[in-house]
1. Subtract the Cα-Cα distance of SER70 and VAL107 from 0.36 nm times their separation in residues, and report this length gain in nm to one decimal.
2. Need the full-extension length gain, SER222 to ALA175, defined as separation in residues times 0.36 nm minus the C-alpha distance. One decimal, nm.
3. To the nearest 20 debye, what charge dipole does the stretch 30-173 have about its Cα centre, counting +1 at the Cβ of each Lys and Arg and -1 at the Cβ of each Asp and Glu?
Amino acid sequence: MDTDRAEGSGLQRMFAGVPSRYDFLNRVFTLGSDQRWRRRAATACLFDRPRRVLDLCSGTGDLAVMLAGSADPGAVVVAADFSEPMLAVARAKAHAAGVAGRIEFRVADVAALPFADGEFDAAGIAFGFRNLTWKNPNRERHVAEIRRVLAHGARFVVVETSRPPSAALRTAFDAWMAAAVAPLGGLISGQGGAYRYLARSARGFYRADEVDALLLGTGFRSVRHHLFLGGVAALHVAVR
């Protein structure tokens, strides 16, 4: 998740302090919608009944737990994140859900994934794609690295905030991010920098069609997307 190692280290330090309130704040700021959107992403990832699935930027493991709970018997989910404190929460969550035996947890940087070419039958990322690509001159390198570890025909599923097509909705979304998410997230979590970054990056992120173009431009054969709540978030399904 870096434009260079210095920036990657900065993001790593920032997210290391967030986990204790991360899930609670996600539910509050999306009115619970983030979990519904993750479930849609999990369903899309598992469409072709993959045997080995990668959850990138896994964070506290919500998507990994959903994948492990719904995948075919014998399938393995690999939850990868560069924040060990986040993965510690994910491990506890997996144990509580009874799926810990179906998930491998790996500390990993998307800039150089420790996996073989074509190792995975599907990959998903929930609300981490923005960190890899927003204002990042190395964004194509990150996407190419994800593509490298996917088998031919494998799906890469992205669920992420988006820029609504409606100008009025964009204005309302930006106001919500600036007036609620950034200050309240910082106050409740004690990590003001992390939530200022979250709000700033969400307000400046790409439209859904621009994300599609990025994925196609880095070698994916096809991409389609679905907008949530008028476009404040989007689900993208790309095929390797």
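The numbers here are math on the coordinates, done by the rules we state, and not lab data. As the structure is a computational prediction, the values presented were derived from the model and not from experiment. Methodologically, a virtual Cβ is constructed for each residue, glycine included, from the backbone with ideal geometry; neighbour enumeration extends over all protein chains shown.
1. Numbers: separation 37, 0.36 × 37 = 13.32 nm, distance 2.34 nm.
Taking 0.36 nm per residue and subtracting the Cα distance, the gain is 11.0 nm.
2. So the extension gain works out to 13.5 nm.
3. On the way: 20 positive and 15 negative charges, 90 e Å.
About 440 debye.
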